[in-house]
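S.K.: Sending over a structure as structure tokens; questions will come in a sec.
The values are calculated or read from the model by the stated rules, or taken from the named source; none is laboratory data. Values in this document were obtained by computation on a predicted structure and should not be read as measured data. Heads up, the Cβs are rebuilt from the backbone with ideal geometry, glycines too, and the neighbour counts pull from every protein chain shown.
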Amino acid sequence: MYEDIIKRLKNYKFLKAEIKALELDIEEMKDDIGVDGMDYGKDKISPTNKFNSTVENSALRIAQKELDKRRKEREIERIDNAVSILDDKEKEVITLRHIENRRWGTVTYKLDRTYDACKKIEQRSLRKMSKFLKQ
């Protein structure tokens, strides 16, 4: 029932790493434009007389990476917003089990609760979060 939400939560850390990688790529690409921007020998006119600028092509690639980065940031913001409505125990269950991908044994030990109690907390948390993580 909540598989999509769980999948999104499990993807949280990966999204953060992807955002950081995109930031680094964008930074490098912007540095390269500064260097390549002065090399007019690379700019060619194609047989159709269409002008092809390496700077323009680089700018388009940067814009696409920035768009991808912003999409991923919005997903992180959606998840953070959904998690923010949970109480401390609910946050801990969701974080340990789905964001940090810990086993139920670890979750129950850290919370000093039974498996059934932790599962109930998880289900309640997912139900609350579902209002904010609809697709």
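S.K.: Pairs only if they're at least six apart or on different chains, beta carbon under 6 angstrom, first in region 68-94 and under 23 Å from THR114 (Cβ atoms), second among the small types (Gly, Ala, Ser); list them, first residue then second.
M.R.: LEU86/SER125; GLU90/SER125; ILE94/SER125
S.K.: May I ask you to list the residues in region 90-126 that are within 13 Å of LYS10 (Cβ to Cβ) and among the β-branched types (Val, Ile, Thr)?
M.R.: Result: ILE94, THR95, ILE99.
Here is a yes/no grid of residues against (1) at pLDDT below 90; (2) of a type in the set (Asp, Glu); (3) in contact with a Phe, Trp or Tyr (Cβ under 8 Å, 6 or more places away or on another chain); (4) within 19 Å of LEU133 (Cα to Cα):
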residue: LYS30; (1), (2), (3), (4): yes, no, no, no
residue: ASP43; (1), (2), (3), (4): yes, yes, yes, no
residue: GLU56; (1), (2), (3), (4): yes, yes, no, no
residue: ILE79; (1), (2), (3), (4): no, no, yes, yes
residue: THR95; (1), (2), (3), (4): no, no, no, yes
residue: THR108; (1), (2), (3), (4): no, no, yes, no
residue: LEU111; (1), (2), (3), (4): no, no, no, no
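S.K.: Follow-up question, since we're still on this one. Between a residue in region 111-135 that is surrounded by 13 or more Cβ atoms within 10 Å (Cβ to Cβ) and of a type in the set (S, T, N, Q) and any residue that is assigned to a loop (DSSP other than H, G, I, E, B) and at pLDDT 95 or above, which pairs come within a Cβ distance under 6 Å, given they are 6 or more apart or on different chains?
M.R.: From residues that are surrounded by 13 or more Cβ atoms within 10 Å (Cβ to Cβ) and of a type in the set (S, T, N, Q), the pairs are SER125/LEU86.
S.K.: Those residues that are within 16 Å of ILE19 (Cβ to Cβ) and touching a residue at least 24 places away in the same chain (Cβ under 8 Å), I need them from region 56-67; list them, please.
M.R.: Those that are within 16 Å of ILE19 (Cβ to Cβ) and touching a residue at least 24 places away in the same chain (Cβ under 8 Å): ILE62, LYS65, GLU66.
S.K.: Report those helices (runs of 4 or more DSSP H) wholly inside region 45-135 carrying at least 3 residues which are under 17 Å from the mean Cα position of the chain (by Cα) and not hydrophobic (A, V, I, L, M, F, W, C). Before the answer, list the steps.
M.R.: Details: elements: 54-84, 88-94, 104-111, 115-130.
The helices (runs of 4 or more DSSP H) meeting that bar are 54-84.
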